[in-house]
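Notes to accompany the following structure.
The values are calculated or read from the model by the stated rules, or taken from the named source; none is laboratory data. Computed from a prediction, not measured in an experiment: that's the story for all the values here. No Cβ is skipped: glycine too gets one built from the backbone with ideal geometry, and neighbour counts run over all protein chains shown. Ligands, DNA and RNA are stripped out before the accessible areas are found, and what is left, the full protein with its side chains, is counted by its heavy atoms. Shrake-Rupley method; radii C 1.70, N 1.55, O 1.52, S 1.80 Å.
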Amino acid sequence: MPTNCAAAGCATTYNKHINISFHRFPLDPKRRKEWVRLLRRKNFVPGKHTFLCSKHFEASCFDLTGQTRRLKMDAVPTIFDFCTHLKSMKLKSRNLLKKNNNCTPTGPSNLKSNISSQQVLLEHSYAFRNPMEAKKRIIKLEKEIASLRKKMKTCLQKERRATRRWIKATCLVKNLEANNILPKGTSEHILPTALSSLPLEDFKILEPDQQDKTLPIL
């Protein structure tokens, strides 16, 4: 069972109540070497029980078709906060600092910086705060796309049914005209121009084709 993440500066630990998964380094030497390179840890050699958490992978790297979240075969970790890691290293090297120095000053300059950071958040409210928020947004968009595809499929089916009805009606009217049951020129008045201008022979070919044609699945 994984206990922590091997990424530098990542404090994520295993917790069954948090929706974060842990993934072993790939066994394939080429892919394993690529993961180590992206990790940017000096003299780092992953072991059998070395893991990376799902926070370091984009949403497109996961296969969500099964009951468990799995990584795709070509997935690579690309989300890292190296700046945070460098800052933590600097803080460790300055072990002579006093405890009171860790408190944030409340002077005018700090107040000004807080106001400016709030303004940035308001102006860029469309940005995602973390990968999990981006992932939820992607899943929501994928569901909307699936719903729109279903609606499009229904509309195409209705269109094909309507087209078959028009072809049958046109064929019937032209047959009645050919047998002198209806006056000549009736089709020109009751049918659309695109259909009334076509000869009857074309509809005799189209009609069985439309009846035997099955609807493709999108």
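With respect to (1) modelled with pLDDT of 85 or more; (2) farther than 30 Å from ARG137 by Cβ, the lone exception for ARG94 is condition (1).
Cβ-Cβ contacts under 8 Å between residues 6 or more apart (or on different chains), taken from a first residue in the stretch 26-47 that is over 17 Å from CYS61 (Cα atoms) and open to solvent by 70 Å² or more (accessible area, probe 1.4 Å) to a second residue that is in a helix (DSSP H, G or I) and at pLDDT 90 or above, are listed as VAL45/VAL36. Cβ-Cβ contacts under 6 Å between residues 6 or more apart (or on different chains), taken from a first residue in the stretch 136-160 that is within 15 Å of LEU64 (Cβ to Cβ) and at pLDDT below 95 to a second residue that is in a helix (DSSP H, G or I) and not β-branched (Val, Ile, Thr), are listed as ILE138/ALA59. Suppose the filter is farther than 30 Å from LYS143 by Cα and surrounded by fewer than 18 Cβ atoms within 10 Å (Cβ to Cβ); does GLY66 pass it? Criteria not met by GLY66.
For the stretch 6-25, how many residues are open to solvent by 70 Å² or more (accessible area, probe 1.4 Å) and hydrophobic (A, V, I, L, M, F, W, C)?
2
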